[in-house]
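Structure, as structure tokens:
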Amino acid sequence: MSIVKKPGEASKWYLPGILTGMGLTFKKMMGNLTKPTRMQTLNYPEEKFQYSPRFKGNHVLTVKKDGSIRCTACMLCATNCPAQCITITAAEHEDPTVEKYPISYEIDILRCVFCGFCEEACPVDAIRMGPEWQRPGLARSGFNYDIQYLAYRANLKGGIPSRVDDQERHDAGI
Ligand code: SF4
Ligand code: SF4
């Protein structure tokens, strides 16, 4: 049962409601100007939100000590991807100790749901999800990440860990 209240005399007039709303907005504005640290918003892009270190952002294909990519083109990430946005083309490696490697590895990032299944499925720690979350672009083609972007983009030289050494993994018991 719903109870419908009879509107009071004051609610028949728009002006008191408008003035109350404007008063509230003015009060909030003064509060924000005098105590900016309490503001709920950021001045993006000058200020950026700091996510937790566990944040799963843009993908990174990790590399070995010599700079070659670790991926062995086993297809486990592509098979486990629920969005089916990973496309890999495998080839035989010249080095007989390396079974396969990807001549092409692409992620259609507009289809990706950032679930992290690819990272979880990889048996050799060849794909990780890093801290980057911004990826502006003007054309759809810019959202197809290839090996060059995934493993060698400029940001990876500036602090995002992308080099994984087997000996270090072994020492850490991974
Ligand atoms: S994060 Fe999820 S959806 Fe995105 S590429 Fe990896 S498995 Fe696919
Ligand atoms: S990134 Fe990992 S799971 Fe995906 S194909 Fe390469 S080795 Fe396999």
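Nothing in this text is a laboratory measurement; each read-out follows from the coordinates by a stated rule. What you see is a predicted model, and the numbers here were worked out from it, not measured in a lab. Backbone-built Cβ (ideal geometry, glycine too); neighbour counts: all protein chains shown.
Among the residues of the range 67-93, those that are farther than 21 Å from Ser162 by Cβ, more than 8 Å from ligand 1 (Cβ to nearest atom) and among the aliphatic types (A, V, I, L, M) comprise Met75, Ala90, Ala91. Take the residues of the range 10-66 that are farther than 30 Å from Ile107 by Cα and among the small types (Gly, Ala, Ser): which is nearest to the chain's Cα centre (by Cα)? So, considering only residues that are farther than 30 Å from Ile107 by Cα and among the small types (Gly, Ala, Ser), the one nearest to the chain's Cα centre (by Cα) is Gly31. Applying the condition of being surrounded by 18 or more Cβ atoms within 10 Å (Cβ to Cβ) and not hydroxyl-bearing (Ser, Thr, Tyr) to the range 57-66 and asking which residue is farthest from ligand 1 (Cβ to nearest atom) yields Val63.
Residues are listed down the side, and each one gets a yes or a no for (1) in contact (Cβ under 8 Å) with a residue 40 or more places away in the chain; (2) surrounded by fewer than 18 Cβ atoms within 10 Å (Cβ to Cβ):
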site: Met75; (1), (2): no, yes
site: Cys81; (1), (2): no, no
site: Cys85; (1), (2): no, no
site: Asp108; (1), (2): no, yes
site: Glu132; (1), (2): yes, yes
site: Ala139; (1), (2): no, yes
site: Ile147; (1), (2): yes, yes
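Taken over the range 79-104, the criterion of being closer than 24 Å to Arg54 by Cβ and near ligand 2 (Cβ under 10 Å from one of its atoms) is satisfied by Asn80, Cys81, Ile86. Exactly one residue out of Ile109, Ile103, Ile127 is farther than 16 Å from Thr79 by Cβ, within 16 Å of ligand 1 (Cβ to nearest atom) and β-branched (Val, Ile, Thr), and it is Ile109.
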